[in-house]
Amino acid sequence: MPAILPILPTSVRVVEVGPRDGLQNEHVQVPTQQKIQFIQMLAEAGLPVVEATSFVSPRAIPQLSDASVVMTSISRRPTTSYPVLVPNLKGMERALASGVRAISVFTAASESFTRHNINATIAESLANFRPVLELARREDIPVRGYISTVFGCPYEGAVAPQQVLSVAQAL
């Protein structure tokens, strides 16, 4: 057996992001009720984590402008976690008001992607997370952080592993 196999994890956790990442890229507004049904079907299929939506500015991503309605309308299964993406403190406050009990934050390993996606530098995106994480800690809400473009950027191409490491350490 190759030496690398002993260091592989014994399990993995699947985090479904289709209701957030997939639907935010649709060119037409998906009706709220269909989003709710989609999320509930994913949970009923046995997925342990379904990232349901994002509390971003409705002007920035109109497809997710119904985040509060979605989160207050889904029937939550006890075996599924329903985190939402929050980019800043305002989003976190809206998420809390909607009963959210798990969140995600993200940045990217490339400056161009971060600038195009959230209109901030990597450093600015990380700074924006600080008050979110402080509030999450006070509210005893778990946070998952993730980094986009670790294997390449649509704007910059290859991303150096050292850059990915640097962002991961900062996150």
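The values are calculated or read from the model by the stated rules, or taken from the named source; none is laboratory data. Bear in mind that the values here come from a model prediction, so they are computed numbers and not experimental data. Note: ideal-geometry Cβ built from the backbone for every residue, glycine included; neighbour counts use all protein chains shown. Accessible surface areas use protein heavy atoms only, side chains included; no ligands, DNA or RNA. Shrake-Rupley method; radii C 1.70, N 1.55, O 1.52, S 1.80 Å.
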Theoretical FRET efficiency, 1/(1+(r/R0)^6), r = Cβ-Cβ of D140 and S68, R0 22 Å, to 0.05: 0.55
In Å², nearest 10: area of T10 left accessible to a 1.4 Å probe: 150 Å²
Sorting E16, E26 by accessible area (1.4 Å probe), largest first, what list results? E26, E16
Assuming 0.36 nm per residue, please report the length gained on full extension of the stretch E44 to N119 beyond their Cα-Cα distance. 23.4 nm
Counting only heavy atoms of protein chains, what accessible area per residue, in Å², does the chain have with a probe of 1.4 Å? 57 Å²
Starting from 0.36 nm per residue, how many nanometres of slack lie between R101 and Q33 once their C-alpha separation is accounted for? 22.3 nm
Roughly speaking, what is the centre-to-centre gap between segment 98-138 and segment 1-68 when only Cα atoms are used, to the nearest Å? 17 Å
Check every DSSP H run in the chain and write down those whose alpha carbon atoms cover 15 angstrom or more along the long axis and whose mean Kyte-Doolittle hydropathy is -1.0 or greater. 32-44, 122-138
Per principal axis, descending, Cα span of segment 18-171 in whole Å: 42, 37, 31
Rounded to the nearest 0.05, what FRET efficiency is calculated for L133 and R77 with R0 set to 30 Å and r the Cβ-Cβ distance? 0.65
The size of the Cβ-based charge dipole (Lys, Arg +1; Asp, Glu -1) of the chain about the Cα centre, to the nearest 20 debye, is 320 debye
Taking r as the C-beta separation of A160 and D21 and R0 as 25 Å, the FRET efficiency to the nearest 0.05 is 0.55
Starting with the highest mean, order 135-142, 31-38 by the number of other Cβ atoms within 10 Å, averaged over the residues of each peptide. 31-38, 135-142
When the accessible area of the chain is split by element with a 1.4 Å probe, what percent falls to carbon and sulfur? 56 percent
